[in-house]
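One structure is given below, encoded as structure tokens.
The values are calculated or read from the model by the stated rules, or taken from the named source; none is laboratory data. All values reported here derive from a predicted model rather than from experimental measurement. Here the Cβ positions follow ideal geometry from the backbone for every residue, glycine too, while neighbour counts run over all protein chains shown. Side chains included, ligands, DNA and RNA excluded: accessible areas come from the protein's heavy atoms. Shrake-Rupley method; radii C 1.70, N 1.55, O 1.52, S 1.80 Å.
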Amino acid sequence: MNLLDELRTHRLLAIVRGPDPAAALTAVLTLAESGVALVEVSLTSADALGVIRRARAALGPDFGLGAGTVLSAEDARAAADAGAGFLVTPAVAPSLAEAARLGLPVLAGALTPTEVVQSTNGGAAAIKLFPASLGGPDYLGALRDPFPGTAFVPVGGVDADGARRYLDRGAVAVGVGSPLLGDAVRGGDPAALRDRAAAFRAAVEQ
């Protein structure tokens, strides 16, 4: 998949992280049914690889399903084997080089200008600005001055109102975890998740 094109098109990456594999799988499928086209399952989730494997089987080969919190080369290989179509890191990590070897696109975590350069030079398709809440939209705007051609995806503390502000400051997309997932990863009401997904999709599509 062309991750950067998908981020630019859909502008929303959902982040699923939780202690209940069955609930996490239900959340992934509910997000897909709600029109959220890019979903990341964090490897810190219980049985994350199993969730990815079952979600891939249910959603087919073309759905934008990825693995998050991918730190090591071993993580990258395991995620690829489970069916992840892209990888997400929280930082500059050894998984970046392994993903390049595997031919998987990476949304690589960075906060400082030095990390942005390191991740870009490592082959990242886009930069996950994390944790975005430390600097907010103004910090994104400041980063874009020296890096006008870099694709940034703010992650961390992004709610529906904040999503619009980041996009207005030049983000190509936003990554959203708990403000979107809520209690769905612990078995909460899928209907409420569908409502939140609709609200986020409306915010990013304005």
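Find the Rg to Rh ratio for the range 1-102, where Rh is the Kirkwood radius over alpha-carbon pairs and Rg uses the same atoms. Spell out each step's value before the answer.
Details: Rg = 12.4 Å, Rh = 13.3 Å.
We get a ratio of 0.93 for the range 1-102.
Tally Lys/Arg at +1 and Asp/Glu at -1 over every other residue whose Cβ is under 11 Å from the Cβ of Pro105; what's the total? Result for the neighbourhood of Pro105: -2. As a size descriptor, the averaged projected area of the C-alpha convex hull of the chain was calculated at 9.7 nm².
Between the residues Ala58, Val16, Val41, the greatest Cα displacement towards the positive end of the dipole of the chain, with unit charges on the Cβ of Lys, Arg, Asp and Glu, is found for Ala58. Short-range pairs are left out: with C-alpha atoms under 8 Å and at least six residues apart, the relative contact order of the range 1-153 is 16 percent.
Of all the options Ala108, Ala79, Ala93, the one that moves most in a Gaussian network model of the chain with Cα springs shorter than 10 angstrom is Ala93. Coupling constants for the range 76-83 follow from the phi torsions by the Karplus curve (6.51 cos²θ - 1.76 cosθ + 1.60, θ = phi - 60°), and in residue order they are 4, 5, 5, 5, 4, 4, 6, x Hz; glycine and proline get x. Of the solvent-accessible surface of the range 11-146, computed with a 1.4 Å probe and all protein chains present, 56% belongs to carbon and sulfur. Counting Lys and Arg as +1 and Asp and Glu as -1 over every other residue whose Cβ lies under 14 Å from the Cβ of Gly170, the net charge comes to +3.
Ellipticity at 222 nm from helices only: DSSP H runs of n ≥ 4 in the chain, each -39500 (n - 2.57), divided by the residue count, give -14000 deg cm²/dmol. A cut-off of 5 Å between modelled amide H atoms, ignoring neighbours fewer than 5 places along the same chain, links Asp20 with Ala46. Taken per residue, the accessible surface of the chain reaches 41 Å², heavy atoms only and a 1.4 Å probe. Centre-to-centre, using Cα atoms only, the range 4-43 and the range 79-127 are separated by 18 Å. The dipole here belongs to the range 124-167: it is taken about the Cα centre, uses +1 on the Cβ of Lys and Arg and -1 on the Cβ of Asp and Glu, and is about 100 debye. Here the dipole of the range 1-138 is about 80 debye; that uses its Cα centre as origin and unit charges on the Cβ of Lys and Arg (positive) and Asp and Glu (negative).
Expressed in Å, the radius of gyration and Dmax of the Cα atoms of the range 127-206 are 13.4, 44.
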